[in-house]
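The values are calculated or read from the model by the stated rules, or taken from the named source; none is laboratory data. The structure presented is a predicted model; accordingly, all values stated were derived computationally and were not measured. Here the Cβ positions follow ideal geometry from the backbone for every residue, glycine too, while neighbour counts run over all protein chains shown.
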Amino acid sequence: MTTEEKYVAAAYLVVFGFVLLYLVIMALKLSRLEREVGELTELARKRRDG
Amino acid sequence: MSAYFSDVLTLAQKDLRLELRVRNTVPAMLLFVVSALVVFHFALPAGSSDLAAKGMLWVAIVFTALLGLGRAFVAEREQRLLDGLLLAPCDRSAIWLAKTVSVLGFLVVAELVALPAFAIFFSGIDGATIAGVALADLGICAVGTLLAAMAVAGRARELLLPLLFLPLAIPIVVGGVGASVADDPGRYLGFLALYDAVFAIISWASFEYVVTE
Amino acid sequence: MIRARGLGRSFGAKRVVRDLDLDVPRGGFLLVTGPNGSGKTTLLRLVAGLLVPTAGELEVDTTRERVGFLGHEPLVYRELTALENLDLYGRLYRVPERRERIGMLLERFGLWDVRNERADSFSRGMLQRLSLCRTLLHDPELLVLDEPFNALDEEGSSLLDRELAELRPGATFVVATHDPDRVEHLASDRLAFA
Amino acid sequence: MSTSLRNNRVPLAAGLAFALISAAIALVFFYAPVDEDGLNQKIFYFHVPIALTAYACFIWGAWKGLMHLWKGKPGADLESYVAIHLGVIFGAMTLITGSLWAKYRWGHWWLWSERQLVLFLVLFLFYSAYFMLRFSVEPGPQRENLCAVYAIFGVILIPISFLAIRLANQYIHPIAFNRHGPQMATSQFATFCVCLAAMLALFAALYQFELAGKRLDEKLRELRELLA
């Protein structure tokens, strides 16, 4: 690759790096939400039974 | 209208009386600005131009103002005294205006010492610089007072004010430094006046929201 | 005078006042009781307009200049004298014949002799008396009093008893206290926080 | 209900963003001609739309802030926060791609004469302080008001700072680089427009996505309180 191409590639990588990072953060958040919903469901179930 | 200004006067008088009685803010600002100028002398290597020193003057002014602004709501913050003022029937923007006026007064006193000190230590000061300082003071105090009221609502208030204030102070520094070093200070003074007008109006209009809990 | 429907106020995730319905007629006296941290102070600050509700609605049928609020803090400048503090508030509230009224109140609450002393030299009880002067200064029609007997000695308390009895017919009251027996005979409505 | 309608916007916006970004990349690399600046233009196609999108985020955030103060619209505070949050992310991307561009074109990582870049630095600092403000105040009506006021200050700061930086360049850097190369060809302009649309769609998708997540958070908290 020429230097020119390297810079262009770097710029694009930065942008997509950001988007991917965002995706990872969102995935982590999703798993947290899932866990919380699970806990709450458990709580609700206990209430119904108890 | 006259009722509004009499409220402003009453509140500003109160700040002045507190300052005269306790003498906390103004002496600190005076000492700080002179110390800063001395530090700047050592920060500028030999052969630095007078222009660089003029830039330093503006740094000193902004940070001195920050010192005063940090103290602006101390009396009200301790023991929730702001509640007392908010209960009163006066328009809430009058509280902002009065505080702006008193901080402006303190800053001007500090500059009455700082500018002659600068002229003695570094180089002379021309009319454009003085006009620039006067216009910049208005903007600094108008915006700074609002931000100080914001900062006291937060937990890390001493830390918060400089962070909020400095990005907004950049245009003031540009206008001020431009007015003191450029050949045609007019456009820089005009810019400062524009800044003052725009930000004074929105600070005035938004203070009520800032103090609503 | 005061009407609340589903009134709620939270601080962060903490709901201090929730789903409260309240009606206090003009000339009424609402006695608010409850343990520390149960929401008494929050309710009083809501009524006085120092807080905005986060849920429901609250109507208080008066204007800011007719509300007298006595809170935990005396709301006086420590570095100013008693007279200067009352003068400041007197000006802001545009009290007619300010000097006479201030003098009369200071006299009545036994602060006339210390009127030119700074508030930071006052004891807790004296500060409470000064704060009462501030609250009554502008002849309010709605009195919001949070622990008014706090820090008052026996003399001060009976002074306040007399004052409340005198004001009772002409004003609406919202009073929070740990010591409900003291004002029980004045109350028309009661609200107990759990 | 409006909630389900709102949730439907996420896949719609995401799909649109995906399609537009794919089209943009294809156009940039296979359609748009390489001009005499070399491949420089290829960075420009994403750098400038990202910068414009960041402005759009800040303006949208301030608009929502104004709606909060003016109309007291519920949820406007959250929307304003999410928009500004995304604005800061797009702003950071602008700074990094701009810095790469500057290095490539002029051989320096940072150029104070590059006005847009300096403006973004100022805005980046300003909006970073927004987060400090937001997270040092307890959630509640006061925080909502403070954030709304600060967001409105932000959009006023944008043109004021822009002017200030122009003025500052006159006494700091008298010689400005000529930024405008030759006129863009029609094909280049078309590519640029698609890139801009792609970035705006990306913003819309992330915005809806974040909002849905935050609303879900709030509902969960409420549920937890109800069950506790």
Check off (1) away from chain B (no Cβ under 11 Å); (2) touching a Ser or Thr at 6+ places or on another chain (Cβ under 7 Å) for C:Leu88 and give me the number that stays unchecked. (1)
Is it the case, given these coordinates, that D:Met93 is surrounded by 19 or more Cβ atoms within 10 Å (Cβ to Cβ), in a helix (DSSP H, G or I) and at pLDDT 85 or above? yes
Hey, can you tell me all the residues within the stretch B:183-197 that are free of Cβ contacts under 8 Å to residues at least 40 places away in the same chain and buried (at least 16 other Cβ atoms within 10 Å of the Cβ)? B:Phe191, B:Leu194
Can you tell me which residue among C:Leu46, C:Leu75, C:Leu31 is in contact with a Lys or Arg (Cβ under 7 Å, 6 or more places away or on another chain) and in a helix (DSSP H, G or I)? C:Leu46
Of the criteria (1) within 7 Å of another protein chain (Cβ to nearest Cβ); (2) surrounded by fewer than 19 Cβ atoms within 10 Å (Cβ to Cβ), which one D:Gln116 fails: (1)
Going through the stretch B:82-114 one residue at a time, which ones are among the acidic types (Asp, Glu) and closer than 19 Å to B:Ile130 by Cβ? B:Glu111
For the stretch C:142-194, list the strands (runs of 3 or more DSSP E) that sit wholly inside it and hold at least 2 residues that are in contact with a Gly (Cβ under 7 Å, 6 or more places away or on another chain); which are they? C:142-146, C:189-192
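Okay, residues lined up against (1) more than 10 Å from chain D (Cβ to nearest Cβ); (2) without any contact (Cβ under 8 Å) to a residue 40 or more places away in the chain; (3) over 21 Å from D:Phe18 (Cα atoms); (4) surrounded by 13 or more Cβ atoms within 10 Å (Cβ to Cβ):
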| position | (1), (2), (3), (4) |
| --- | --- |
| A:Thr3 | no, yes, yes, no |
| A:Val15 | no, yes, no, yes |
| A:Leu20 | yes, yes, no, no |
| A:Met26 | no, yes, no, yes |
| A:Leu33 | no, yes, yes, yes |
| A:Gly38 | yes, yes, yes, no |
| A:Ala44 | no, yes, yes, yes |
Those residues of the stretch D:133-146 which are more than 7 Å from chain B (Cβ to nearest Cβ) and buried (at least 23 other Cβ atoms within 10 Å of the Cβ) amount to D:Glu144
Checking B:Phe118 against (1) among the aromatic types (Phe, Trp, Tyr); (2) over 12 Å from the mean Cα position of the chain (by Cα); (3) at the interface with chain D (Cβ under 10 Å from one of its Cβ atoms), the condition it does not meet: (3)
Would you call B:Glu111 within 12 Å of another protein chain (Cβ to nearest Cβ) and either of a type outside the set (Ser, Thr, Tyr) or within 24 Å of C:Leu88 (Cα to Cα) (or both)? no
Is one or more of the residues making up the stretch A:11-34 within 30 Å of D:Leu202 (Cα to Cα), at pLDDT below 85, in a helix (DSSP H, G or I) and small (Gly, Ala, Ser)? yes
Of the conditions (1) facing another protein chain (nearest Cβ under 9 Å); (2) part of a helix (DSSP H, G or I); (3) of a type outside the set (Lys, Arg), the single one that B:Leu104 does not satisfy is (1)
Tell me, yes or no, whether the stretch B:161-179 has at least one residue that is touching a residue at least 24 places away in the same chain (Cβ under 8 Å), closer than 19 Å to B:Trp204 by Cβ, of a type in the set (A, V, I, L, M, F, W, C) and at the interface with another protein chain (Cβ under 8 Å from one of its Cβ atoms). yes
Scan the stretch C:91-101 for residues that are touching a helix residue (DSSP H, G or I) at 6+ places or on another chain (Cβ under 6 Å) and more than 7 Å from chain B (Cβ to nearest Cβ) and jot them down. C:Val95, C:Arg98
Which residue is nearest to C:His185 (Cα to Cα), if the candidates are limited to the stretch C:4-30 and must be out of contact with any Pro (no Cβ under 6 Å at 6 or more places or on another chain) and of a type in the set (A, V, I, L, M)? C:Leu30
Output yes when any residue across the stretch B:72-86 is of a type in the set (Lys, Arg), more than 9 Å from every other protein chain (Cβ to nearest Cβ) and not in a helix (DSSP H, G or I), and no when none is. no
Mind listing just one residue for me: the one in the stretch C:53-72 that is more than 18 Å from the chain's Cα centre (by Cα) and assigned to a loop (DSSP other than H, G, I, E, B) and, of those, nearest to the other protein chains (Cβ to nearest Cβ)? C:Thr54
Kindly provide the set of residues from the stretch D:58-68 that are crowded, with 23+ Cβ neighbours inside 10 Å and either of a type in the set (A, V, I, L, M) or within 14 Å of chain A (Cβ to nearest Cβ) (or both), ordered by number. D:Ala62
With the structure loaded, tell me whether C:Val76 is β-branched (Val, Ile, Thr), in contact (Cβ under 8 Å) with a residue 12 or more places away in the chain and at the interface with chain B (Cβ under 8 Å from one of its Cβ atoms) or whether it fails that test. yes
Single match in C:Arg101, C:Arg64, C:Arg108 (criterion: surrounded by fewer than 20 Cβ atoms within 10 Å (Cβ to Cβ), in contact with a Pro (Cβ under 6 Å, 6 or more places away or on another chain) and within 28 Å of C:Val24 (Cβ to Cβ)): C:Arg64
Picked from the stretch D:96-113 (must be assigned to a loop (DSSP other than H, G, I, E, B) and within 12 Å of chain A (Cβ to nearest Cβ)), the residue nearest to A:Glu5 (Cα to Cα) is D:Gly107
Return the residue satisfying two criteria in turn: it lies in the stretch D:69-80 and is crowded, with 16+ Cβ neighbours inside 10 Å and not aliphatic (A, V, I, L, M), and of such residues it is nearest to the chain's Cα centre (by Cα). D:Ser80
Cross-chain or 6+ apart pairs with Cβ under 9 Å, the stretch B:14-28 first and touching a residue at least 12 places away in the same chain (Cβ under 8 Å) and surrounded by fewer than 20 Cβ atoms within 10 Å (Cβ to Cβ), then of a type in the set (Val, Ile, Thr) and assigned to a helix (DSSP H, G or I): B:Asn24/B:Val74; B:Val26/B:Val109
